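Below: one structure, written as structure tokens.
Any read-out appearing in this document is the output of simple, stated calculations on the displayed coordinates, not a laboratory observation. Predicted, not measured: the structure shown is a model, and the values here were computed from it. Every residue, glycine as well, gets a Cβ built from its backbone with ideal geometry; the counts of neighbours run over all protein chains shown.
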Amino acid sequence: MRSSSKGKSLVSFDVALTRRNTGSDGEVRDEITFVTTICYAGQADVAQFFKKGELVLVAGRLEAARDGSKAILIVAETVQVLKA
């Protein structure tokens with residue numbers, strides 16, 4: 001966990017989103033997209049204990065990256081681990 005410039009707790013991690021497509025040849029393919037997620041304050045306290053591969057629920061808003069790239073970020077308002 002780190003702190004933002006305003007002194008808030010901050011955790012960032014990537015969430016893998018899988019979209020399953022069936023091609024014109026009938027073959028099933030998985031398309032995976034990684035989206036950076038940012039958690040502040042209380043949500044950062046929860047997210048700091050996430051482990052790679054865990055199924056998580058993230059609810060929040062989409063925001064454009066501020067570095068000039070075309071990246072989209074999720075600013076989390078709620079995060080939790082889901083039981084498999």
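Some observations on this one:
- Least to most buried among S4, S69, S12, S24 (fewest other Cβ within 10 Å first): S24, S69, S4, S12
- Proximal aspartates and glutamates to K6, defined as alpha-carbon separation beneath 19 angstrom and excluding residues fewer than eight positions away on the same chain: D45, E63, D67, E77
- Secondary structure note: in the chain, about 90% of the DSSP beta bridges are antiparallel.
- Note on K83: lysines with a C-alpha under 26 Å away, same-chain residues under 8 apart excluded, are K51, K52.
- Assuming charge only on the beta carbon of Lys and Arg (+1) and of Asp and Glu (-1), the dipole of the stretch 2-81 about its Cα centre is about 340 debye to the nearest 20.
- Look at the dipole of the chain built from charges on Cβ: of A64, A41, V79, the Cα furthest out on the positive end belongs to A41.
- The chain: calculated mean residue ellipticity at 222 nm from DSSP helix runs of at least 4, using -39500 (n - 2.57): -2000 deg cm²/dmol
- Quotient of C-alpha Rg and 2.2 N^0.38 Å, computed over the chain: 1.29
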